[in-house]
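One structure is given below, encoded as structure tokens.
The values are calculated or read from the model by the stated rules, or taken from the named source; none is laboratory data. Please read these numbers as outputs of a predicted model, since none were measured by experiment. Virtual Cβ from ideal backbone geometry, glycine too; neighbours counted across all protein chains shown. For accessibility, only protein heavy atoms count, side chains too; no ligands or nucleic acids. Shrake-Rupley method; radii C 1.70, N 1.55, O 1.52, S 1.80 Å.
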Amino acid sequence: MNSLPVWTLEPAGPAHLEPVVELKAQVMRADLERLGRWDRERSRERVRKSFSTRHTSVLLVEGAFAGCVTVRPDEQVGRRLELFYLAPHLQGRGLGTAVLRHLLADADAAGDPVRLVVLQGSAAQRLYARHGFEVVHEDPIDVTMHREPAR
């Protein structure tokens, strides 16, 4: 029996910016505090600068906002996965995996590699590693990961 809730990805609109800003703060705060990098205003401003209605999708679970993801084309690396946030009450239930599989299937069909940056020590790094992402660069704060398209 499938325990995943019904979910869809839909194009983000301007009205989604503030919910995405708030979700990022909620999801990332503990990791940023652990790294000594939490700054509420800087966090909010970074989302505002990178949010794109052209490349961002909102995740709806049973019709309600539950997360977001940005997949941006990049001539040098194929696609960049950014702003992938899932509401805390939905984490650990396989939903992030389902969304990631969907995104990677699309990239694989196009023959595109995918690159992303995750915080050092983040549980998300294990999710990405399980899906074929490999570490290509690390610094004290960030880990850059890359995945070639599946053959």
For this session: Please find, among Ala64, Ala105, Ala123, Ala98, the residue that is in contact (Cβ under 8 Å) with a residue 40 or more places away in the chain and small (Gly, Ala, Ser).
Result: Ala98
Problem set entry | Residue among Gly67, Gly78, Gly36, Gly13 that alone is farther than 28 Å from Pro140 by Cβ and not polar (S, T, N, Q) | Gly13
Exercise. If Leu119 passes every condition in (1) in contact with a strand residue (DSSP E or B) (Cβ under 6 Å, 6 or more places away or on another chain); (2) under 19 Å from Arg29 (Cβ atoms) but one, which one does it miss?
Worked result: (1)
Exercise. Which residues, taken from region 116-130, are of a type outside the set (A, V, I, L, M, F, W, C) and either open to solvent by less than 30 Å² (accessible area, probe 1.4 Å) or modelled with pLDDT under 95 (or both)?
Worked result: Gln120, Gly121, Ser122, Gln125, Arg126, Tyr128
Exercise. If you go through region 69-82 one residue at a time, do you hit one that is β-branched (Val, Ile, Thr) and modelled with pLDDT under 95?
Worked result: yes
Problem set entry | Members of region 116-151 found to be of a type in the set (Gly, Ala, Ser) and part of a helix (DSSP H, G or I), listed by number | Ala124, Ala129
For this session: Would you please list the contacts, defined by Cβ atoms under 8 Å and residues six or more apart or on different chains, that run from a residue in region 1-25 that is free of Cβ contacts under 8 Å to residues at least 60 places away in the same chain to a residue that is among the acidic types (Asp, Glu) and open to solvent by 60 Å² or more (accessible area, probe 1.4 Å)?
Result: Val6/Glu62
